[in-house]
Amino acid sequence: MTNHRGSTRIRELAANARQEARDAIDELRAVLAQAGIDLPSLGEDWQGSFTGVVLVELGRVRPDVVRRIAELLRDGLAARAQQPS
């Protein structure tokens, strides 16, 4: 016999994990857009629905776009390092 409350709780946890992934995707997409970078395949890894761990799929990216992302991260880290603690 299946525990209805248990299965409901599992569905809630899965929905929360999927929402967290979508929120993270939206946040990353917005930051990258500010830098003029688009990752068309950025999305939720749907296999996570089966494993219980929802992952973000960054997708396949051209090398020049990867370099632009690396530059953006370097600049952000440099700016962070210059901020007073």
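Structural remarks
Quick grid of which residues meet (1) in contact (Cβ under 8 Å) with a residue 40 or more places away in the chain; (2) assigned to a helix (DSSP H, G or I); (3) in contact with a helix residue (DSSP H, G or I) (Cβ under 9 Å, 6 or more places away or on another chain):
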residue: Ser7; (1), (2), (3): no, yes, no
residue: Glu20; (1), (2), (3): no, yes, no
residue: Asp26; (1), (2), (3): no, yes, no
residue: Ala33; (1), (2), (3): no, yes, no
residue: Pro40; (1), (2), (3): no, no, no
residue: Val53; (1), (2), (3): no, no, yes
residue: Val56; (1), (2), (3): no, no, yes
residue: Arg60; (1), (2), (3): no, no, no
residue: Val66; (1), (2), (3): no, yes, no
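- Residues in the stretch 36-54 that are surrounded by fewer than 15 Cβ atoms within 10 Å (Cβ to Cβ) and at pLDDT 90 or above: Gly36, Asp38, Pro40, Ser41.
The values are calculated or read from the model by the stated rules, or taken from the named source; none is laboratory data. What you are looking at is a predicted structure, and each value in this text was computed from that prediction instead of being measured. Cβ coordinates were reconstructed from backbone atoms using ideal geometry, including for glycine residues, and neighbour counts include every protein chain displayed.
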